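First up is the structure itself, then whatever we jot down about it.
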Amino acid sequence: MISFNEFIENAGKVKPTARQLERLRETQFYAFIHFSPNTYTGLEWGTGKEDPAIFNPTELDCDQWVEAIKSAGMKGAVITAKHHDGFCLWQTATTEHSIKNSPYKNGKGDIVRELAQACRRGGIKFGFYLSPWDRNAACYGTEEYNDLYRAQLTELLTNYGEVFHVWFDGACGEGPSGKKQVYEFESFFELVRKYQPNATIFKDDGPDLRWCGNESGSARLSEWAVVPHELCCYCEKQTEGALLEGGIPYHSNCDCDIGSLENIMYSEGLAFCPSEIDMSIRPGWFYHPEEEPHSLERLFNTYLRSVGANTTFNLNIPPMPNGKFDPRDITRLKELGDKIRSTFAVNLCEGAKITCTHTSPTQSEYLVELGEVKKINYFELRENIANGQRIASFRIIGRKDGLWETSYENYTTVGNRKICVQESECDAFKIVITASRGRAELETIAAY
Ligand code: FUL
């Protein structure tokens, strides 16, 4: 059995794949779009018995969606190509329950194509959600359904150009046979890898991104991307064996603490699988005219607690029955983008002198000398996550009038990006890393 120190050091070397790294570093904030017969019935989960004739977005404008998405600073869009009701928004050969039997463009429309093209025109990425749960398909609940699902997935993966993100969920019901569907997820993921090797795959338990465990938009206090392999079994296992024997002190990947030392010590090995935060701009995933978008404050806080807490952020905006975004949502998205842009416009550490001292193999200090007293609202840290996630606890100490004063304490993980909301007035500050899994590698220290 390896030693305790070796175990911790190995945990700090569990690495992301290139596609995970891209998602975390570049396309970290993207849009979800929930659009289906539910938009016309007011339901959140359609029954599958809806008449395709109700689906008729007479003023559909995907360029309007893309512009609004971009105004918030989002870099991609993920559409519900099919939700639980089984209605397909594209020209599929696999079912009659689709847009081809709707009045939209006399049955010739293809909203997946319209969005993919609008994304390309607007310079953002395109992705989709194909709900495994299908309340319309007659073969749901039998083995044949997996073939149908694979055929749908293949159409979407091969006919619409580059796909950046494929979203799956585990929702599962009973088919007409009264049997629950057993999904062949491994074969679904193989198709994604085959046709879209750069796409990240989201599912509750990985392989590339996992669910954060809530729909209210908050990351864990300690958001580790390195988690016990048994919780994300579709990921590659990068370390072997439990250090300690005994029962696992957690039950699901939605628990509030899954990557801490106390948990990984008992794991059967580790995997790299960061979490994605998914939340809707309104209470519902689908459009309901009586609902209002969340406040700017709530959305901005969610941004800080997702993108700024080592996760990605998938923010849903539901189109209205006419096929456009609601003006209230458009305004809110622009306000959010403006707030993010203005908050992070000027890095107060620009030109600062930064010195790093590794005080021990697992402790380091970064001294940042600003040259003059500055008023700071946010500190931002980024680890070189390409080499693994290491920092387990840190604090920030500011200096004013020659006195060092603790301004920010008891913080835990950093990961790809940590935004600390902390007002401070100082002419120098220190990032004191009090524990890390091997030597910490801070790549960015910024203040705003
Ligand atoms: C869940 C679904 O049941 C909800 O309707 C929604 O689509 C959400 C994003 O995922 O699994």
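Laid out as a table, the results:
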item	result
Residue that is surrounded by the most Cβ atoms within 10 Å (Cβ to Cβ), among those in region 128-137 that are assigned to a loop (DSSP other than H, G, I, E, B) and within 16 Å of the ligand (Cβ to nearest atom)	ASP134
Exclusive hit being in contact with a strand residue (DSSP E or B) (Cβ under 9 Å, 6 or more places away or on another chain), open to solvent by 30 Å² or more (accessible area, probe 1.4 Å) and closer than 25 Å to LEU333 by Cβ, set LYS100, LYS75, LYS70	LYS75
Complete set of residues in region 138-185 that are away from the ligand (no atom under 16 Å from the Cβ), assigned to a loop (DSSP other than H, G, I, E, B) and touching a Leu at 6+ places or on another chain (Cβ under 9 Å)	CYS139, TYR160, VAL163
Pairs, first surrounded by fewer than 16 Cβ atoms within 10 Å (Cβ to Cβ) in region 177-197, second of a type in the set (Gly, Ala, Ser), C-beta under 7 Å, six or more apart	SER177/GLY141; LYS179/GLY141; LYS180/GLY141
Within region 252-292, considering residues that are in contact with an Asp or Glu (Cβ under 6 Å, 6 or more places away or on another chain) and farther than 30 Å from SER131 by Cβ, the one most open to solvent (accessible area, probe 1.4 Å)	GLU268
Of all residues in region 45-61 being in contact with a Gly (Cβ under 7 Å, 6 or more places away or on another chain) and open to solvent by less than 60 Å² (accessible area, probe 1.4 Å), the one that is nearest to the ligand (Cβ to nearest atom)	GLY48
Residue in region 305-322 that is touching a residue at least 24 places away in the same chain (Cβ under 8 Å), basic (Lys, Arg) and open to solvent by less than 60 Å² (accessible area, probe 1.4 Å) present	no
Hey, GLU162 open to solvent by 30 Å² or more (accessible area, probe 1.4 Å) and either in contact with a helix residue (DSSP H, G or I) (Cβ under 9 Å, 6 or more places away or on another chain) or at positive phi (or both) or not	yes
Strands (runs of 3 or more DSSP E) within region 352-448 that include 2 or more residues farther than 24 Å from PHE313 by Cβ and in contact (Cβ under 8 Å) with a residue 60 or more places away in the chain	353-360, 363-383, 418-436
Test for SER218: is it among the small types (Gly, Ala, Ser), open to solvent by less than 10 Å² (accessible area, probe 1.4 Å) and either within 16 Å of the ligand (Cβ to nearest atom) or at pLDDT below 95 (or both)	no
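The values are calculated or read from the model by the stated rules, or taken from the named source; none is laboratory data. This is a predicted model, so every value here is computed, not measured. Glycine gets a Cβ as well: all are built from the backbone with ideal geometry, and neighbour counts include every protein chain shown. Each accessible area value is taken on the protein alone, full model and side chains, heavy atoms only, with ligands, DNA and RNA left out. Shrake-Rupley method; radii C 1.70, N 1.55, O 1.52, S 1.80 Å.
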